[in-house]
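Novice: Take a look at the following structure, please.
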Amino acid sequence: MPYCNQCGSLVESGQLTCPQCGKATDGSLAGLGPMPSPADATLATTTPLAGYGWRVLGYLIDSIILGVVFSYPLRALHVNVYATAVTIAVVTFLYGTLFLSFMSGQTPGMRVVRVRVVNAVSSATVTRLAAGRRTALYCALSLIGNLYHYTKYAHPTAHQRMVESHHALASLALTIPVLVDLLWPLWDKRKQTLTDKFAGTVVVRPTAS
């Protein structure tokens, strides 16, 4: 698909004006070529970036949905912990990718708090590929911590307590990657997570009309 000569946004063939910048295309459109880097580009829309609190609230709603529907039933059935972790990762990937792809960049939790994932350069609706990349990295980071499992003793000896503490520290260390990803918007100028950067997306929240 061609791009606008003025701002580089996607333009339908035969369209006389760019839907983003409003400039006339004069019937000549720029050919396919390298687009600006998301790190250097600015949003082509005035839609404000979503606040961190709204993003966290949407994330918690999605987590509750996934927990009630999938995670808790699997644990209640005493499914192998490793199989449970992988199953939850696969389900989370499908949940995030399909909803972002077919609900215009929104999961159910995002829809409740009115935030949306869009392309970081053009602010266009997120593509299926970008939705898949964004969700896949998040699932991979989460799986790193979820796969680590250790048994807690009912009445541990001093040595067993020391072993448990080592396991607990290792488990905590393996959750650091996903925690860094979730906290990254707090200091990022475009409020992107690492998964946003990987997928070339940002999260916006339209102002109430």
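The values are calculated or read from the model by the stated rules, or taken from the named source; none is laboratory data. What you see is a predicted model, and the numbers here were worked out from it, not measured in a lab. Neighbour counts are summed over all protein chains in view; Cβ atoms, including those assigned to glycine, are modelled from backbone coordinates with ideal geometry.
Novice: For region 122-149, name all the residues that are in a helix (DSSP H, G or I), of a type in the set (S, T, N, Q) and either farther than 18 Å from Phe99 by Cβ or touching a residue at least 60 places away in the same chain (Cβ under 8 Å) (or both). Walk me through it before giving the result.
Specialist: Narrowing region 122-149 to residues in a helix (DSSP H, G or I): 128-146.
Narrowing further to those that are of a type in the set (S, T, N, Q): 135, 142, 146.
Correct list: Thr135, Asn146.
Novice: Right, here's the next one. So, of the residues in region 44-79 that are outside any helix (DSSP H, G or I) and of a type in the set (Gly, Ala, Ser), which turns out to be surrounded by the fewest Cβ atoms within 10 Å (Cβ to Cβ)? So that I can check it myself, show each step before the final result.
Specialist: Here is the first cut: in region 44-79, the residues outside any helix (DSSP H, G or I) are 44-51, 77-79.
When the remaining residues are screened for being of a type in the set (Gly, Ala, Ser), the result is 44, 50-51.
Values: Ala44: 20, Ala50: 22, Gly51: 15.
Filtering first and then ranking leaves Gly51.
Novice: Also, quick follow-up: Considering every residue within region 80-88, establish whether at least one is surrounded by 20 or more Cβ atoms within 10 Å (Cβ to Cβ), of a type outside the set (S, T, N, Q), within 15 Å of the chain's Cα centre (by Cα) and assigned to a helix (DSSP H, G or I).
Specialist: no
Novice: Please indicate, with yes or no, whether at least one residue in region 162-178 is in the same structural domain as Thr92 (by TED's automatic domain parsing), among the polar types (S, T, N, Q) and either exposed (fewer than 15 other Cβ atoms within 10 Å of the Cβ) or modelled with pLDDT under 85 (or both). Talk me through it step by step, then tell me what you get.
Specialist: Start the filter on region 162-178 by keeping residues that are in the same structural domain as Thr92 (by TED's automatic domain parsing), which leaves 162-178.
Pick out the ones that are also among the polar types (S, T, N, Q) and you get 165, 171, 175.
Going one step further and asking which of them are either exposed (fewer than 15 other Cβ atoms within 10 Å of the Cβ) or modelled with pLDDT under 85 (or both), we end up with 165, 171.
Among the residues of region 162-178, at least one is in the same structural domain as Thr92 (by TED's automatic domain parsing), among the polar types (S, T, N, Q) and either exposed (fewer than 15 other Cβ atoms within 10 Å of the Cβ) or modelled with pLDDT under 85 (or both), which makes the answer yes.
Novice: Now for a separate question. Say whether the condition of being in contact with a Lys or Arg (Cβ under 8 Å, 6 or more places away or on another chain), basic (Lys, Arg) and either at pLDDT below 95 or at positive phi (or both) is met by at least one residue in region 100-115. Lay out the reasoning, then the answer.
Specialist: First, pick out the residues of region 100-115 that are in contact with a Lys or Arg (Cβ under 8 Å, 6 or more places away or on another chain): 100-101, 103-106, 110, 113-115.
Checking the rest, the ones that are also basic (Lys, Arg) come to 114.
Still in the running and either at pLDDT below 95 or at positive phi (or both): 114.
Checking region 100-115: at least one residue is in contact with a Lys or Arg (Cβ under 8 Å, 6 or more places away or on another chain), basic (Lys, Arg) and either at pLDDT below 95 or at positive phi (or both).
Novice: State whether one or more residues within region 150-168 are closer than 23 Å to Val91 by Cα and either of a type in the set (Phe, Trp, Tyr) or part of a helix (DSSP H, G or I) (or both).
Specialist: If we filter region 150-168 for residues that are closer than 23 Å to Val91 by Cα, which is where we start, we get none.
Among the residues of region 150-168, not one is closer than 23 Å to Val91 by Cα and either of a type in the set (Phe, Trp, Tyr) or part of a helix (DSSP H, G or I) (or both), which makes the answer no.
Novice: Right, something else. Quick one: would you say Leu174 is closer than 26 Å to Val69 by Cα and touching a residue at least 40 places away in the same chain (Cβ under 8 Å)?
Specialist: Numbers: closer than 26 Å to Val69 by Cα: yes; touching a residue at least 40 places away in the same chain (Cβ under 8 Å): no.
Here the answer is no, as Leu174 does not meet what is asked.
Novice: If you don't mind, there's one more thing I want to ask. Of the numbered conditions (1) aliphatic (A, V, I, L, M); (2) crowded, with 22+ Cβ neighbours inside 10 Å; (3) under 25 Å from Ile176 (Cβ atoms), Val126 fails exactly one; give the number of that condition.
Specialist: (3)
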